[in-house]
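Below is one structure, written out as structure tokens; comments come after it.
The values are calculated or read from the model by the stated rules, or taken from the named source; none is laboratory data. Please read all numbers here as calculations on a predicted model, not as lab measurements. All Cβ positions, even for glycine, are placed from backbone atoms using ideal geometry, and neighbour counts span all protein chains on display.
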Amino acid sequence: MTTHTFHPACCTPLDWHCPLPLPVAGSLFASCSFQPSRLAPEDFPGTGIAKPASIERSVAKRQAEFLAGRLCARSVLSRLGLPECEVPIGEDRAPVWPAGIRGAITHSDGWAAAIAAPAHAQRGLGLDAETLLAPDRALRLAGEILTPAELERLPADPERAALAVTLTFSLKESLFKALYPLVLQRFYFEAAELLEWSCEGQARLRLLTDLGAGWKSGTTLAGQFTVLEGHLLSLVSVPA
């Protein structure tokens, strides 16, 4: 077994603290910041992380965020007892986690993170990071992201409305990541609605369409989130 001790210059040391308000049973979380301008030719071979052809052809930003996300994912898997395990890209573009593991990777504006847990603890995990939308942009995008009911519940205060739009977008991304491996069908913003959320970082979503056995319209799921220095991190977990 090869142990990689090389750390790419484009990535900060890993942070193992999960900033979300509620613990996720059986899971481990890792994050780091990254700078595409510091990406070096030796970073992929030095870490031993494979660079898929689609990443090889991409710009430095995409390469750096892929490297940072996979570095977080591999480190989490190592602490779960699967050292040097890779998380390749599947044919559907989703990460392919090792058998018996559920996980998610996210990256946004120079920051990447991964979470993973054994399948006996979590059936699904979805993690998403977003830059907080400015109020004017949030209001322009609200009609594309929110359902009619969500639009009716949108706060009147512009700043809080911007947070609500960003949060709705992010939680629906996390919901997709958590459920897609279970239902194996794509769904979009109109397939679910954000019912409620609190300043303490807890939220509840409801499916508005059938996604297969066990995931009927009306099913509710819990989510959580935190806001960190202009970024929002959300998570939807499906306990086993």
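Of the set (1) closer than 19 Å to residue 128 by Cα; (2) out of contact with any Pro (no Cβ under 8 Å at 6 or more places or on another chain); (3) modelled with pLDDT under 95, all apply to residue 213 but (1).
Scanning the range 15-30 for residues that are within 21 Å of residue 232 (Cβ to Cβ) and either in contact with a helix residue (DSSP H, G or I) (Cβ under 6 Å, 6 or more places away or on another chain) or without any contact (Cβ under 8 Å) to a residue 40 or more places away in the chain (or both) yields 15, 16, 17, 23, 30. Taking the conditions (1) under 29 Å from residue 214 (Cβ atoms); (2) part of a strand (DSSP E or B) in turn, residue 107 satisfies each one other than (1). As for the range 161-180, it holds at least one residue that is among the basic types (Lys, Arg), part of a helix (DSSP H, G or I) and under 14 Å from the mean Cα position of the chain (by Cα). Screening 228, 194, 233 for residues that are surrounded by 18 or more Cβ atoms within 10 Å (Cβ to Cβ), in contact (Cβ under 8 Å) with a residue 40 or more places away in the chain, touching a Pro at 6+ places or on another chain (Cβ under 7 Å) and of a type outside the set (Asp, Glu) leaves exactly one candidate, 233. Being modelled with pLDDT of 95 or more and not in a helix (DSSP H, G or I), is that true of even one residue in the range 59-68? Looking through the range 59-68, at least one residue is modelled with pLDDT of 95 or more and not in a helix (DSSP H, G or I).
Quick one: count up the residues across the range 45-87 that are loosely packed, with under 13 Cβ neighbours inside 10 Å, free of Cβ contacts under 8 Å to residues at least 24 places away in the same chain and of a type in the set (Ser, Thr, Tyr). Going through the range 45-87 one residue at a time, the tally reaches 0. You will find that of 103, 90, 143, 126, the residue that is without any contact (Cβ under 8 Å) to a residue 12 or more places away in the chain and in contact with a helix residue (DSSP H, G or I) (Cβ under 8 Å, 6 or more places away or on another chain) is 143 and no other.
Being in the same structural domain as residue 235 (by TED's automatic domain parsing), surrounded by fewer than 20 Cβ atoms within 10 Å (Cβ to Cβ) and in contact with a strand residue (DSSP E or B) (Cβ under 7 Å, 6 or more places away or on another chain) is the requirement here; does residue 144 meet it? Here the answer is no, as residue 144 does not meet what is asked. Against the numbered list (1) surrounded by 18 or more Cβ atoms within 10 Å (Cβ to Cβ); (2) part of a loop (DSSP other than H, G, I, E, B); (3) of a type in the set (Phe, Trp, Tyr), residue 6 comes up short only at (1).
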